Amino acid sequence: MIKDMSFTAVMGRKNQILQSSLGIDFGRFETDNISFDYEAMMSAIGYNLDEITQIQRNVGVGATPMMELKNITALARKYAKSGFGARIFMKDEASNPSGSFKDRRAALAVHTAKKLGFKGVAAATSGNYGAAVASQAAKQGLKAIIVQECFDSKKVGQPEILEKARKCEALGAEVIQMSVGPELFYKFLTILEETGYFSASLYSPFGIAGVETLGMEVAQQIRQMTGKDPDVVVVTHAGGGNITGTARGLTKAGCNAQVVASSVNLSGLHMASDAHFNRKSFTTGHTGFGIPFATWPDRSDMPRSAARPLRYMDRYVLVGQGEVFYATELLASLEGLERGPAGNTSLAATIALAQEMRDDQIIVVQETEYTGAGKHIRPQLDFARKNGISIKFGDTDTEVAGESIILPESPEGIKVRDADLSRLRASYIRNALTGLGDKKLTQTDLEYLASETKTDTEYIRKAVQQIEAK
């Protein structure tokens with residue numbers, strides 16, 4: 001029988017396709033009307049943290065350096081009031097095989113695919129994860145297909161995305177380049193169905209559990225270097241897997257550090273808009289992913305996403321594109337470390353946040369990423385100019401995404417702006433209630449929503465009342 005491969009038919013089979021391509025029955029974790037057993041789903045991968053660590057070590061992933069950024073710390077203290085300016089440390093994830101923390105996610109997913117007898121793996125991503133999957137597939141002798149959102153309708157691609165495509169191909173993967181829009185997910189589903197490959201999704205329990213080793217290492221290394229736990233860990237936030245896995249790893253290591261999410265502020269740009277696609281200089285770590293995935297994580301390519309960012313963030317701060325580029329230059333000129341700009345989103349936030357903290361406290365930049373010809377500041381700014389973006393030095397608060405990139409005139413110009421977590425929580429709860437229909441929230445549902453939003457059941461009851469009143 002010939003299957004219907006129309007867009008509507010394939011999207012209608014998506015849960016069935018994803019389930020068979022991962023070997024996990026997501027339905028068995030559903031509990032009451034809107035809740036599901038998140039921890040049971042995470043446990044279903046069948047590995048503990050020690051086993052995951054060993055799997056990663058066997059393929060050269062993890063155990064990356066932790067470095068104290070003494071010169072940047074001194075710079076931050078120059079602009080902080082007396083007695084303030086926390087010690088700044090950086091976890092150098094660019095030391096992983098493909099150059100980012102995404103190797104941790106890919107290592108566990110590809111190991112599992114090999115273990116289960118799959119002939120290949122597939123992933124839909126325009127970012128570093130594609131290179132990580134390609135790298136790990138090469139190590140395991142599996143084929144890899146990366147479906148990449150790469151161009152606008154005029155076939156113009158950003159230098160950063162094109163850089164990543166070249167890297168995926170260099171590592172042996174087949175890269176299928178798509179224009180921006182819903183066809184990316186459709187194409188990914190058809191590939192999974194036609195090839196029978198393993199879905200090495202960013203948002204699977206395997207992908208998130210792989211990042212837990214990063215959080216564990218942060219806690220362990222800071223303890224070894226300073227004799228105490230970090231006070232704050234700053235995590236670049238996009239789809240939510242980075243903050244979810246890191247926070248879970250910190251908790252498993254017995255570390256109660258405040259977890260701060262940071263994103264580049266791209267307010268006003270729509271990530272699925274063809275017209276907006278090339279008017280941004282960051283393809284990840286920005287609010288175009290960070291806010292939608294926080295307020296409804298199950299928009300991912302999994303029936304239930306294992307990335308649940310609102311469960312784990314204590315604070316959410318935004319920085320401008322110009323501030324991240326500036327922080328990237330500071331890292332190179334003051335610390336001798338040239339790293340990709342997108343990975344320095346958390347560094348830009350950390351420089352500002354350190355000035356709020358006492359000088360005996362510790363703040364950690366949780367990851368870096370590799371740089372390359374397309375990822376470098378110069379080609380990104382040149383591309384922005386060609387797309388009509390104004391680039392200048394000035395007040396970073398005046399930056400308008402899609403119109404301007406404002407570089408700080410001095411390090412004092414690097415700032416953070418707090419996102420309203422209560423507003424994001426209300427949006428998440430509102431989205432969750434759309435699946436309720438005529439049913440009523442049970443106590444289990446209330447407890448689930450409290451966990452999802454890092455609040456309590458009383459908070460949820462009041463929020464639901466306010467939503468219903470509107």
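Taking region 144-195 on its own, how many of its residues are part of a strand (DSSP E or B) and among the polar types (S, T, N, Q)? Before the answer, list the steps.
Initially, region 144-195 is screened for residues part of a strand (DSSP E or B), giving 144-151, 157, 174-179.
Restricting the remaining residues to those that are among the polar types (S, T, N, Q) gives 148, 177, 179.
The number of residues fulfilling the criteria is 3.
Give me a count of the residues in region 256-284 that are surrounded by fewer than 20 Cβ atoms within 10 Å (Cβ to Cβ), under 24 Å from T453 (Cα atoms) and either in contact with a helix residue (DSSP H, G or I) (Cβ under 6 Å, 6 or more places away or on another chain) or among the small types (G, A, S) (or both). Don't jump to the end; show me each part of the working.
We begin by selecting, within region 256-284, every residue surrounded by fewer than 20 Cβ atoms within 10 Å (Cβ to Cβ); these are 256, 258, 267-276, 279.
Filter once more, keeping what is under 24 Å from T453 (Cα atoms): 256, 258, 267.
Keeping just the survivors that are either in contact with a helix residue (DSSP H, G or I) (Cβ under 6 Å, 6 or more places away or on another chain) or among the small types (G, A, S) (or both) gives 267.
Residues that pass the stated criteria total 1.
Residues in region 345-365: is at least one modelled with pLDDT under 95 and within 21 Å of S281 (Cα to Cα)?
In the first step, residues of region 345-365 are kept if they are modelled with pLDDT under 95; the result is none.
No, region 345-365 has no match at all.
Every residue in region 81-93 that is of a type outside the set (K, R), on the phi < 0 side of the Ramachandran plot and either free of Cβ contacts under 8 Å to residues at least 24 places away in the same chain or open to solvent by less than 20 Å² (accessible area, probe 1.4 Å) (or both), please.
Passing the criteria: S82, A86, I88, F89, M90, D92, E93.
With the checklist (1) assigned to a strand (DSSP E or B); (2) surrounded by fewer than 21 Cβ atoms within 10 Å (Cβ to Cβ) in hand, flag the one item R385 doesn't pass.
Of (1) assigned to a strand (DSSP E or B); (2) surrounded by fewer than 21 Cβ atoms within 10 Å (Cβ to Cβ), only one is false for R385: (1).
For region 62-80, enumerate the residues that are open to solvent by 10 Å² or more (accessible area, probe 1.4 Å), touching a strand residue (DSSP E or B) at 6+ places or on another chain (Cβ under 9 Å) and assigned to a loop (DSSP other than H, G, I, E, B). Step through it out loud before you land on a result.
Of region 62-80, the ones open to solvent by 10 Å² or more (accessible area, probe 1.4 Å) are 62-63, 65-68, 70-71, 74-75, 77-80.
Next, only the ones that are touching a strand residue (DSSP E or B) at 6+ places or on another chain (Cβ under 9 Å) stay: 65-68, 70, 77.
P65, the sole residue that qualifies.
For region 201-209, does any single residue satisfy the condition of being under 24 Å from A342 (Cβ atoms), touching a Ser or Thr at 6+ places or on another chain (Cβ under 8 Å) and among the hydroxyl-bearing types (S, T, Y)? Reasoning before the result, please.
At the first step, the residues of region 201-209 found to be under 24 Å from A342 (Cβ atoms) are 201-204, 206-209.
Then drop every residue that is not touching a Ser or Thr at 6+ places or on another chain (Cβ under 8 Å), which leaves 201-203, 206-208.
If we keep only those that are among the hydroxyl-bearing types (S, T, Y) as well, we get 201, 203.
Within region 201-209 (the criterion being under 24 Å from A342 (Cβ atoms), touching a Ser or Thr at 6+ places or on another chain (Cβ under 8 Å) and among the hydroxyl-bearing types (S, T, Y)), the answer is yes, since at least one residue qualifies.
Within the set of pairs 6 or more residues apart or between chains, which connect a residue that is within 23 Å of N48 (Cα to Cα) inside region 216-229 to a residue that is of a type in the set (D, E, K, R) and open to solvent by less than 40 Å² (accessible area, probe 1.4 Å) with Cβ atoms less than 8 Å apart?
What qualifies is E217/K91; V218/K91; Q221/K91.
Go through the residues of region 419-430 one by one and say whether even a single one is under 30 Å from M357 (Cβ atoms), in a loop (DSSP other than H, G, I, E, B) and in contact (Cβ under 8 Å) with a residue 24 or more places away in the chain. Write out each step before concluding.
Restricting attention to region 419-430, the residues satisfying the condition of being under 30 Å from M357 (Cβ atoms) are 419-428.
Cutting the leftovers down to in a loop (DSSP other than H, G, I, E, B) gives us 419-420.
Then keep just the ones that are in contact (Cβ under 8 Å) with a residue 24 or more places away in the chain; that gives 419.
For region 419-430, residues under 30 Å from M357 (Cβ atoms), in a loop (DSSP other than H, G, I, E, B) and in contact (Cβ under 8 Å) with a residue 24 or more places away in the chain: present.
Pairs under 8 Å by beta carbon, first residue within 20 Å of E39 (Cα to Cα) in region 452-466, partner loosely packed, with under 12 Cβ neighbours inside 10 Å, six or more apart or different chains?
Short answer, once both residue conditions are applied: T457/Q443.
Take S95 and decide whether it is closer than 16 Å to G343 by Cα and among the hydroxyl-bearing types (S, T, Y). Spell out the reasoning first.
Numbers: closer than 16 Å to G343 by Cα: yes; among the hydroxyl-bearing types (S, T, Y): yes.
Yes.
The values are calculated or read from the model by the stated rules, or taken from the named source; none is laboratory data. Note that the coordinates shown come from a computational prediction; the quantities given were computed from them, not determined experimentally. Here the Cβ is made from the backbone with ideal geometry for all residues, glycine too, and neighbour counts use every protein chain on show. Quick note on the areas: whole protein, heavy atoms, side chains included, nothing else; ligands and nucleic acids left out. Shrake-Rupley method; radii C 1.70, N 1.55, O 1.52, S 1.80 Å.
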